Amino acid sequence: MSTPTAGPTPAAQTKTVDPEPITRWVWRAMDPKERQARLLELTDWVDWLLAAHAKLYSKVPKCWHQHEDIIEHLTALFLGWVRTYAGDPAKISTRAEIEWLTSLHSLTPHLGSPGCQANGTHQDPPPRPKPDGELLEQWMDGDPEFLAAPAHHPAQAEVSRMVAAAQAAEAAKAQG
């Protein structure tokens, strides 16, 4: 019978893994392959969100992934949630959790699509489709423009100006 070890092995202690940086998601700036991968990642989180916050189940239509406005709101909630619960504690407010929940409640009215909502009578919800669910697969198989469109950042000119200004400031700082 083996006894459990008290911690990581020496090899595991010396190996450090840097987490992937938390970045902003600009759907239209992503190449189609990345857009599809990120949509599947977002879908996993949305499935969790709907299970954890049952009141949202009737507000978010099953076809949310076909509505870019809903995708944008859910993305903002997802990234805010990641920064709040998995981000650097030194960089977040002491009220971050309350602020995230406040954001969730303020965005809830924007997570629906009136034409896609249930009829309003109580029914036990059917199982939500997973990222590989039939509804999502059918939509993705249809080569929707959202996933196939070439990458294009809607504020590329401003982002380029900001990068140039930051580089100029860094160069001036280095020169002394």
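Readers should treat all values here as calculations from the given coordinates under stated rules, not as data from a laboratory. Keep in mind the model is a prediction, meaning the values are calculated, not measured. FYI the Cβ positions are ideal-geometry reconstructions off the backbone, even for glycines, and counts take in every protein chain you see.
In nm, what is the difference between 0.36 nm times the number of residues separating Asp47 and Glu137 and their Cα-Cα distance? Let's see the in-between values first.
Numbers: separation 90, 0.36 × 90 = 32.40 nm, distance 1.58 nm.
Separation in residues times 0.36 nm, less the Cα-Cα distance, equals 30.8 nm.
So what's the net charge close to His110: Lys and Arg +1, Asp and Glu -1, counting the other residues with Cβ under 13 Å from its Cβ? Please list the in-between numbers first.
Values: positive: Lys59; negative: Glu68, Asp69, Glu72.
Every neighbour counted, the sum reads -2.
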